[in-house]
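Single-structure report; data block below.
Bear in mind these aren't lab numbers, they're just calculated from the coordinates by the rules spelled out. From a predicted model like this one, the values you see are computed outputs, not experimental measurements.
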Amino acid sequence: MFNVSREHGLTCFAIRPEESTVGVSLAGDFTDWRLTPMQKQDNDAFTTSFVLPRGTYSYKFIVDGRWITDPDNCKYAICPIGTVNSVAHVS
């Protein structure tokens, strides 16, 4: 799930996989779809943050090599190649 911390200008992304997970990354149009490793927290969630200007962004989580949409975000978009991406709107 993403959220925006307006005080610091950060857009935070987090996911708590249901099963035991070795590693999680995030990729999106704001990373040119390059994988960005996420940090595991004490509560078993994985998080990362970016300073993003206002706009709409597409992204996916990569959980142990498997590309998935954000299970906590109901906003999706179909990309030109026909796959579905999660969408974050930063205002």
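Looking only at 51, 63, 24, which one moves most when the chain is put into a Gaussian network model with springs between Cα atoms under 10 Å?
51
Once you've got the GNM for the chain with C-alpha springs shorter than 10 Å, pick whichever of 80, 37, 71 has the biggest mean-square fluctuation.
In this elastic network of the chain, the residue with the biggest mean-square fluctuation among 80, 37, 71 is 80.
Just to be sure I understand: with springs between alpha-carbon atoms less than 10 Å apart, which residue in 31, 47, 11 has the highest mean-square fluctuation in the Gaussian network model of the chain?
The residue with the greatest mean-square fluctuation here is 31.
Rounded to the nearest whole Å³, what is the per residue volume of the convex hull around the Cα atoms of the chain? Show your work: numbers first, answer last.
Working: hull volume 9.1 nm³, N = 91.
Spelled out: Cα convex hull of the chain, divided by residues, is 100 Å³.
State the extension gain, in nm to one decimal, for the chain segment bounded by residue 40 and residue 78, taking 0.36 nm per residue of separation less the distance between their alpha-carbons. Let's see the in-between values first.
Values: separation 38, 0.36 × 38 = 13.68 nm, distance 2.89 nm.
Taking residue 40 through residue 78 to full extension adds about 10.8 nm, to one decimal.
State, as an integer percentage, the relative contact order of the chain based on alpha-carbon contacts under 8 Å between residues 6 or more apart. Can you show the working numbers first?
On the way: 174 pairs, mean separation 25.5, N = 91.
Here the relative contact order equals 28 percent.
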